[in-house]
1. Less than 16 Å apart at the alpha-carbon level, and either on another chain or at least 8 residues along: which aspartates and glutamates does that give for K29?
2. Accessible area, 1.4 Å probe, largest first: how do K42, K29 sort?
3. Which of the aspartates and glutamates could be linked to K42 by a straight reach, that is with a Cα gap under 18 Å, when you skip same-chain ones fewer than 8 residues away?
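The values are calculated or read from the model by the stated rules, or taken from the named source; none is laboratory data. As the structure is a computational prediction, the values presented were derived from the model and not from experiment. Accessible surface areas use protein heavy atoms only, side chains included; no ligands, DNA or RNA. Shrake-Rupley method; radii C 1.70, N 1.55, O 1.52, S 1.80 Å.
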Amino acid sequence: MWRHSIYWIFKFSNIIKNSETIYDELLNKQSTAIKNAENLLKQYESHNPAKDNPSTAVHILVKELNRFIS
């Protein structure tokens, strides 16, 4: 698992902080990221972001924001 994380750190290390094109660069990965986050939450019997590790709920925010830009 850690090898996968290190791979992504190096893969995206060329993305500049505050990049004006970051949204466009990552947009095609958004649906996969949302599916992965939803699948992760399904692995927990009762979701508790403070204790679940790893855990994320940012996909819920992203899905809501997407309603306003579509």
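1. Straight-distance partners of K29: E38.
2. Largest accessible area first, the list is K42, K29.
3. D52
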